[in-house]
Amino acid sequence: SLDTIHGAADTFAKAVKAMSGGKFEISVHAAGEIMPAFGVVDGVQQGSVEMAHTAPYYFFGKDETFALGCAIPFGLNSRQMTAWMYEGNGLKLMREFYAKYNIVNFPGGNTGAQMGGWFRKEIKSLNDLKGLKFRIGGFGGKVLERLGVVPQNIPGGDIYPALEKGVIDAAEWVGPYDDEKLGFYKIAPYYYYPGWWEACSMYSMYVNIKEWEKLPKQYQEALTSACAECNIDMMAEYDYKNPIALQSLIKNGVKLQSYSTEIMKAASNAAFEMYEEEAAKNPSFKKIYEPWKKFRNDQMLWNKVAEQTLMSFMLTNPVK
Ligand code: CA
């Protein structure tokens, strides 16, 4: 139902078809049509579908390593993630991990930095998080749990009624464009930022390895290029649509609030404590997490010098 995320899969399939002169057709099905959303790793692994498009962090229950190929709290932003996957060792390392699931993976879209969720009441201190029933997808819930939140895993379409009936106290989804369409602002006016659990969220295309190997070289090239195209397209779409939607939400009376430094610091500490614990007991996680962490630190140094300096100046010196 999301023209942004689901739309990227359509873009991908159209590009593959065009590049193969109409011969290589990939049919796109929404979650639930031929397979439940959370069944796609098993589906591709067993070959009941040849391909899937998904947010890998949904599968952290199988192995936390999945989340490293998507989003972990206080992780890389979209530019950094793109660099890590295509030019750093990210894609190579994730492919080694996915091989045991019979999957060849490709980056398949990015939302950029997400928002921090919709709340009925203000969240001023760590105390306000205690016992809060919060719908949150992916790995972020595990960190919030350490701060006393009760994370709830609810699919997109069911969030609004749950929030309306008070089954949950708060919910995060994606960002202004997708969130506006679901109408959360009507029942929970406090819109927090940033979504520190998703500095970016990178989606993946999964291909069954045997099906991949059967493809003619030209089709493999078409599929690879089409994944790259949809990866860029989704990011561009979010960057184009989010500012417009944010202005419209503000007009509708949404109250924008930033998370306090106290909450952000506690969350960051809890996140990296959790990663170190995971690395100590999970060799697959450790193998990717350690070079990822070094890459992240190198990126921070570079970003602080050029990008951040210029961005800070421009944000505090708006052009009228
Ligand atoms: Ca989210």
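Worth pointing out:
- Just one of (1) of a type outside the set (A, V, I, L, M, F, W, C); (2) at pLDDT 95 or above; (3) outside any strand (DSSP E or B); (4) over 22 Å from MET94 (Cα atoms) fails for GLN257. It is (3).
- The set of residues from region 89-107 being exposed (fewer than 14 other Cβ atoms within 10 Å of the Cβ) and of a type in the set (Lys, Arg) comprises LYS92, LYS100.
- Residues of region 236-248 that are exposed (fewer than 15 other Cβ atoms within 10 Å of the Cβ) and either farther than 19 Å from ASN77 by Cα or more than 18 Å from the chain's Cα centre (by Cα) (or both): PRO243, ILE244, GLN247, SER248.
Rundown of residues vs (1) without any contact (Cβ under 8 Å) to a residue 40 or more places away in the chain; (2) over 30 Å from LYS62 (Cα atoms); (3) more than 25 Å from the chain's Cα centre (by Cα), yes/no style:
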residue	(1), (2), (3)
LYS281	yes, no, no
PHE285	no, no, no
ILE288	no, no, no
LYS293	yes, no, no
ALA306	yes, yes, yes
ASN317	yes, yes, yes
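- Scan of region 249-302 for residues that are among the small types (Gly, Ala, Ser), surrounded by 14 or more Cβ atoms within 10 Å (Cβ to Cβ) and out of contact with any Ser or Thr (no Cβ under 8 Å at 6 or more places or on another chain), ordered by number: ALA266, ALA267, SER268, ALA270, ALA271, ALA279
- The set of residues in region 295-304 that are over 21 Å from the mean Cα position of the chain (by Cα) and of a type in the set (D, E, K, R) comprises ASP298, LYS304.
- Enumeration of residues in region 108-157 that are part of a loop (DSSP other than H, G, I, E, B), in contact (Cβ under 8 Å) with a residue 60 or more places away in the chain, buried (at least 20 other Cβ atoms within 10 Å of the Cβ) and more than 11 Å from the ligand (Cβ to nearest atom): GLY112, ILE123
- Identity of the residue in region 182-237, in a strand (DSSP E or B) and polar (S, T, N, Q), that ends up farthest from the ligand (Cβ to nearest atom): ASN208
- Among the residues of region 191-235, those that are of a type in the set (D, E, K, R) and more than 23 Å from PHE74 (Cα to Cα) comprise LYS210, GLU211, GLU213, LYS214, LYS217, GLU221, GLU229, ASP233.
- For region 1-27, filtered to residues that are assigned to a loop (DSSP other than H, G, I, E, B) and under 20 Å from the mean Cα position of the chain (by Cα), the residue that is surrounded by the fewest Cβ atoms within 10 Å (Cβ to Cβ) is SER1.
- Whether a residue is under 22 Å from ASN282 (Cβ atoms) and touching a Cys at 6+ places or on another chain (Cβ under 8 Å) was assessed, and PRO56 passes this test.
- Scan of region 161-196 for residues that are more than 22 Å from ALA113 (Cα to Cα) and touching a residue at least 12 places away in the same chain (Cβ under 8 Å), ordered by number: ALA162, LEU163, GLU164, VAL167, ILE168, ASP169, ILE187
- Some residue of region 166-188 being touching a Pro at 6+ places or on another chain (Cβ under 7 Å), buried (at least 18 other Cβ atoms within 10 Å of the Cβ) and of a type outside the set (Phe, Trp, Tyr): no
The values are calculated or read from the model by the stated rules, or taken from the named source; none is laboratory data. This one's a predicted model, so the numbers in the text were calculated from it and none came from an experiment. In this analysis, Cβ positions are derived from the backbone assuming ideal geometry, glycine residues included, and neighbour counts consider all displayed protein chains.
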